[in-house]
Amino acid sequence: MKAEIITIGDELLLGQVIDTNSSWLGLELNQMGIMVHYKSAIRDNKDAILEALHQGTKRSDVVIITGGLGPTKDDITKITMCEFFQTSLTLNEVVLKFVQQIFLSRNLPMLESNNQQAMLPKNCEVLWNKNGTAPGMWFYENNTVYISMPGVPFEMKTIFSEEAIPKLKSIFTFPSILHRTILTCSIGESFLAKRIAALEDALPSHIHLAYLPSVGSVRLRFSAYGEDKVKLEQELQPIIDELYSLVGDYIYGEGEDTLAEVIGNLLKQKNATIGTAESCTGGYLSHLITSIPGSSSYYLGSIISYHNDVKIAQLNIPSEILLNHGAVSQECVTAMAENLKIKLGTTYAIATSGVAGPGGGSIEKPVGTVCIAVSGPNQTIAKIFNMGENRERTIQRTALMGLDILRKLLLTA
């Protein structure tokens, strides 16, 4: 089945509000076996809405609309739907009583605009909104389902989950779709593709591979389509096993795992602790580690030694290292990590130092040059990288690389 999502609202086009509805709906529909082929954001304008609906009729089996169902004059979705379906609004007494009860429970007066929430197209079925006054609407015309819901995310999600999904499942039979998302780090998309080219070329036609790159990592999403989910799982597992044999060193997890979460689990398994000595990352590495609930059981603290004086005073970095090698050097981050480990009494330590930019670079150490050291009970690993010229991405990549070096050290300890 083909679906499309139409989000209505000038605020979406002006960038005042970020459209989270369509991404959430896309995930929900895909899990059901309904493929989203089109997404569009349109103005609060009758002609724009009508044009989007006419397009949806031609190309989709399910058309989902969010927005424009409020009590104000700029909310014109219901009126426009009436024109599209050649019908009119009528008072729904059950909805009216529901809306009145909401205002009564909040000790608020009912305005005429609130009464309008109970005026619905004659040919729609009500999708109940237990979190607000604007009900959702279900239309079924010419073998196409139209689902109209409020744009408020928590209202829309409840309506779709509790009202629309059961209704869709009662009418249609959906194919099985199985997704496996493998998470990689410390390898670029093109290098990863080269390593697994033979595996990708050998995939059967009903199993697809998508590369989803982000800063410092690449997600590999395998999607298998068929009628039997168990059979799909049996087909997909050997492919995943082969992937691990080819690039297992770069795989840190699956699904919704985060690198910081994986690190935390490894530290807890080993009853180990971690601290960070940060220069160029300025606390971002600590932020990633402490974003995981329960991180206090293994994370002891950090020294953000942004200035060389702090490196000397708090981390006991010999001035000779700074003079002879500079703050952005493997020698410096090695001393930072090893001295922090002693100072805090941790099992492991990560240290970062670099030229995040946009200024401060030199011929020997251009913008994007970073050094990372990870020190454990038996060894210290120090490496130098160039993370590119964008300051924000350099900070993010450096923190993730530090975590990944720690991950590999923990796995071999």
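A few points about this structure:
- Residues (out of contact with any Gly (no Cβ under 8 Å at 6 or more places or on another chain), surrounded by fewer than 23 Cβ atoms within 10 Å (Cβ to Cβ) and among the small types (G, A, S)) located in the stretch 361-413: S362, G376, A382
- Residue match in the stretch 329-342 (condition: basic (K, R), surrounded by 17 or more Cβ atoms within 10 Å (Cβ to Cβ) and under 27 Å from L411 (Cβ atoms)): yes
- E28 among the acidic types (D, E), in a helix (DSSP H, G or I) and under 30 Å from F222 (Cβ atoms): yes
- Only one of the numbered conditions (1) outside any strand (DSSP E or B); (2) at pLDDT 90 or above; (3) surrounded by 14 or more Cβ atoms within 10 Å (Cβ to Cβ); (4) not aliphatic (A, V, I, L, M) is violated by T184, and that is (1).
- Residue match in the stretch 200-211 (condition: more than 30 Å from D241 (Cβ to Cβ) and in a strand (DSSP E or B)): no
- All strands (runs of 3 or more DSSP E) inside the stretch 98-180 with 2 or more residues being among the hydroxyl-bearing types (S, T, Y) and surrounded by 15 or more Cβ atoms within 10 Å (Cβ to Cβ): 144-149
- Scope the stretch 192-234; condition without any contact (Cβ under 8 Å) to a residue 40 or more places away in the chain, loosely packed, with under 13 Cβ neighbours inside 10 Å and not aliphatic (A, V, I, L, M); matching residues: K194, D201, P204, S205, H206, S214, Q234
- Test: residue in the stretch 69-85 that is without any contact (Cβ under 8 Å) to a residue 60 or more places away in the chain, farther than 24 Å from K122 by Cα and outside any loop (DSSP other than H, G, I, E, B): no
- Matching entry among H54, H37 (being surrounded by fewer than 19 Cβ atoms within 10 Å (Cβ to Cβ), under 37 Å from the mean Cα position of the chain (by Cα) and assigned to a strand (DSSP E or B)): H37
- Counted as qualifying within the stretch 256-361 are the helices (runs of 4 or more DSSP H) with 3 or more residues that are modelled with pLDDT of 95 or more and farther than 23 Å from P377 by Cα, namely 308-315, 319-324.
- Residue list for the stretch 63-77, filter: buried (at least 21 other Cβ atoms within 10 Å of the Cβ) and not hydrophobic (A, V, I, L, M, F, W, C): T66, G67, G68, D75, T77
- Of all residues making up the stretch 235-265, the number that are more than 30 Å from T173 (Cα to Cα), in contact (Cβ under 8 Å) with a residue 40 or more places away in the chain and of a type in the set (D, E): 3
- Taking (1) within 18 Å of S375 (Cβ to Cβ); (2) touching a residue at least 60 places away in the same chain (Cβ under 8 Å); (3) buried (at least 16 other Cβ atoms within 10 Å of the Cβ) in turn, K270 satisfies each apart from (3).
- Of the residues making up the stretch 1-42, those that are of a type in the set (K, R) and at pLDDT 95 or above number 1.
- Matching option when the condition is of a type in the set (S, T, N, Q), outside the structural domain of L300 (by TED's automatic domain parsing), under 22 Å from D404 (Cβ atoms) and not in a loop (DSSP other than H, G, I, E, B), among S223, S245: S245
The values are calculated or read from the model by the stated rules, or taken from the named source; none is laboratory data. Everything numeric here is computed off the predicted structure, so don't read it as measured data. Using ideal geometry, Cβ is built from the backbone for each residue, glycine included, and neighbour counts are taken over all protein chains shown.
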